[in-house]
């Protein structure tokens, strides 16, 4: 029997159904507590099918109790009437005289009539009242018979289910397929031994791994030192080559500075270069002429 969930609080239909289910289980528990009269109620599976069967059984039981109570009340009233008849028999002379003067057939008929009226709890001795009482009693008897048949069917179903459960329990207890294998103890011991061996191997491999890691760190440190020396030598070589390259670049820049005033256009630069060559030739001839005049003097 579940309690209300938070989602059911926002669903009126679910809340009503849950409350009705709770009330049904409360009635069943109250009925079982009354029937067991203080003894512990046996445990059973609580589901809708069980609730339905128990509710029908409770209803049938209550009807049977009502019928039994009615029969007991009729018997008590009949005994009371008989006692009163016996008590008042001597007090009513007319009645006594009437009974004494009845024929045997009349006495039997009167006895049958009074017994029938007492059994039927009829309000009068007229034919119509007794007929209605007989019809009502017949209907009640038929209803009781139907309820008893239904109860017997439920009882047979419960006994059948009980037998099936006992058979299944016996099968679980006796079938070797559901029992522990005979080699379970040996297998457990072997697995424990293997587990200890594996744990020892794990510790051994962890120690080896730690040793290898330490060795690797030391090797990397030595390689790092050697690499640092080689890197420094390479740096010095690169700096030397850079200085030589810078000298070559400066020399080329000095040589190219002569041509800095030339036009950017190729043809114009050639024409300018030709003009400069002609001018250079003229300067050379003047130099030679001046040198010759100086030598002649």
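The values are calculated or read from the model by the stated rules, or taken from the named source; none is laboratory data. A quick note: this is a predicted structure, and the numbers were derived from the prediction, not measured. Virtual Cβ from ideal backbone geometry, glycine too; neighbours counted across all protein chains shown.
Here is a check on your reading of the model: is residue 62 assigned to a helix (DSSP H, G or I), more than 36 Å from the chain's Cα centre (by Cα) and under 25 Å from residue 116 (Cβ atoms)?
Considered against the rule, which asks whether it is assigned to a helix (DSSP H, G or I), more than 36 Å from the chain's Cα centre (by Cα) and under 25 Å from residue 116 (Cβ atoms), residue 62 comes out as no.
Might you check whether a residue that is at pLDDT 85 or above, farther than 28 Å from residue 141 by Cα and assigned to a helix (DSSP H, G or I) occurs anywhere in segment 73-80?
no
Going residue by residue through segment 141-153, is there one that turns out to be within 24 Å of residue 81 (Cβ to Cβ), free of Cβ contacts under 8 Å to residues at least 40 places away in the same chain and in contact with a helix residue (DSSP H, G or I) (Cβ under 7 Å, 6 or more places away or on another chain)?
No; the residues of segment 141-153 include none that is within 24 Å of residue 81 (Cβ to Cβ), free of Cβ contacts under 8 Å to residues at least 40 places away in the same chain and in contact with a helix residue (DSSP H, G or I) (Cβ under 7 Å, 6 or more places away or on another chain).
Can you confirm whether residue 164 is without any contact (Cβ under 8 Å) to a residue 40 or more places away in the chain and assigned by TED's automatic domain parsing to the domain that holds residue 56?
yes
Considering each of 153, 183, 138 in turn, give the residue that is surrounded by fewer than 12 Cβ atoms within 10 Å (Cβ to Cβ), under 56 Å from the mean Cα position of the chain (by Cα) and not assigned by TED's automatic domain parsing to the domain that holds residue 75.
183
Quick check on segment 23-33. Is at least one of its residues at pLDDT 80 or above, over 23 Å from the mean Cα position of the chain (by Cα), assigned by TED's automatic domain parsing to the domain that holds residue 158 and assigned to a helix (DSSP H, G or I)?
For segment 23-33, residues at pLDDT 80 or above, over 23 Å from the mean Cα position of the chain (by Cα), assigned by TED's automatic domain parsing to the domain that holds residue 158 and assigned to a helix (DSSP H, G or I): absent.
Check segment 123-133 and report whether any residue there is assigned to a helix (DSSP H, G or I), surrounded by 11 or more Cβ atoms within 10 Å (Cβ to Cβ) and touching a helix residue (DSSP H, G or I) at 6+ places or on another chain (Cβ under 7 Å).
yes
Can you tell me which condition residue 182 does not meet? The list is (1) touching a residue at least 40 places away in the same chain (Cβ under 8 Å); (2) not in a helix (DSSP H, G or I), and all the others hold.
That leaves (1) as the condition not met.
In this structure, is residue 197 in a helix (DSSP H, G or I), surrounded by 10 or more Cβ atoms within 10 Å (Cβ to Cβ) and touching a helix residue (DSSP H, G or I) at 6+ places or on another chain (Cβ under 9 Å)?
Here the answer is no, as residue 197 does not meet what is asked.
Would you confirm, using the coordinates I've provided, whether residue 117 is surrounded by 11 or more Cβ atoms within 10 Å (Cβ to Cβ) and free of Cβ contacts under 8 Å to residues at least 60 places away in the same chain?
Answer is yes for this residue.
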